[in-house]
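Q: Okay, handing you the structure first.
The values are calculated or read from the model by the stated rules, or taken from the named source; none is laboratory data. Note that the structure is predicted; figures quoted are calculated from it, not measured. With ideal geometry, Cβ positions are generated from the backbone for all residues, glycine too; neighbour counts draw on all protein chains shown.
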Amino acid sequence: MILLDRVTKKYKKKSGVAIERINLHVESKEFVVIVGPSGAGKSTLLKLLTREEKPTSGKIVVGGIDYERLRDKDIPYLRRKIGVVFQDFKLLPNRTVFENVAFALEIVGMGNKEIKHTVPKVLDIVGLKGKGQSYPIELSGGERQRVAIARAIVRQPKILIADEPTGNLDPKHAWDVIRVLEKINKYGTTVILTTHNKEIVDKLKRRVVTIKDGKVVGDKARSVYS
C-alpha cells in the first residue's frame, strides 16, 4: 500500500536534512502511529505522501502509483485515494455540517442525488447523525474534528492520514476521535496517525514508528510511546 525506499528530503532554504534515507512499508488496512519530537520530520513525511513535496532522492509508491512517474495532472487523482485530517479542522464556517462534507463530493462532480444519499451515511459512521444542519460554531471541538474526518473519508479513500487530530482536544473528545479512526480502519481504510499524546499511543497498542532527526529510529508492532 505505502512504500518508501531510502527517501531523503532536503530543503534549499533550510540547513540540514528534513528526512534522511527513510525506509517504510505500510500494508493495506494497517493502522500505524507515527511519533517523534517536533521538527523530527513527521510533517515532511506526510507532505511527501500527499505529493505536496517531492523527495530529493529515493522511491515512493502509494497504492500502486510510482511517484517518479506521477504527472502533475494526475496528482488530484492520487489525492482522491488519500484523505487528510488536520489538527485545526479547516471547516467552512458559513456552511452546515452537511454542506462541509458534501463539498468534497461537489468538487469531483458528484450529482446532488448521490450526495444526498452518501453524506448522511458518512455522518452516521462518525457519530454525527442528526447534526447535518448544524454549523461548526454550534459544535464541540471533538464534533468539529469528526466533521473533518467525515469530509476526508466521504470519497472512500484507501488511506486516511490524521495529522495530530487530537492536539486541540480534551481527553474525552480526543478518544471520541480515536475511536472513529479505529472504526474507519475496521472498514478497511489504511490509517496513518501522528500524535504527541503518549496516553493514546500506549492504549492503542498499534504499530508505532518513531522518527527522530529525520530518521526512523524505531518500528515496533503493538507498541507504546518510548
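Q: Is there any pair linking a residue in the stretch 19-40 that is free of Cβ contacts under 8 Å to residues at least 40 places away in the same chain to one that is assigned to a strand (DSSP E or B) and among the acidic types (Asp, Glu), with Cβ under 9 Å and at least six apart or on different chains, and which?
A: Cβ pairs passing all conditions: His25/Asp5.
Q: Taking only the stretch 59-77 into account, find how many residues are outside any loop (DSSP other than H, G, I, E, B) and in contact with a Lys or Arg (Cβ under 6 Å, 6 or more places away or on another chain).
A: Counting residues in the stretch 59-77 that are outside any loop (DSSP other than H, G, I, E, B) and in contact with a Lys or Arg (Cβ under 6 Å, 6 or more places away or on another chain) gives 1.
One line per residue, one yes/no per condition, for (1) surrounded by 21 or more Cβ atoms within 10 Å (Cβ to Cβ); (2) assigned by TED's automatic domain parsing to the domain that holds Leu204; (3) among the aromatic types (Phe, Trp, Tyr); (4) touching a helix residue (DSSP H, G or I) at 6+ places or on another chain (Cβ under 8 Å):
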position: Ile137; (1), (2), (3), (4): no, no, no, no
position: Ser140; (1), (2), (3), (4): no, no, no, yes
position: Arg146; (1), (2), (3), (4): yes, no, no, yes
position: Ile149; (1), (2), (3), (4): yes, no, no, yes
position: Ala162; (1), (2), (3), (4): yes, yes, no, yes
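Q: Would you check which residues across the stretch 176-200 are out of contact with any Leu (no Cβ under 9 Å at 6 or more places or on another chain) and assigned to a helix (DSSP H, G or I) and list them?
A: Arg179, Val180, Lys183, Lys186, Lys198, Glu199
Q: Select from the stretch 41-60 the residues that are surrounded by fewer than 21 Cβ atoms within 10 Å (Cβ to Cβ) and among the small types (Gly, Ala, Ser) and write down the one among them that is nearest to Leu160 (Cα to Cα).
A: Ser43
Q: Give the stretch 106-124 a look and list any residue that's modelled with pLDDT of 95 or more, of a type outside the set (S, T, N, Q) and under 19 Å from Leu160 (Cα atoms), or say none.
A: Passing the criteria: Val119, Lys121, Val122, Leu123, Asp124.
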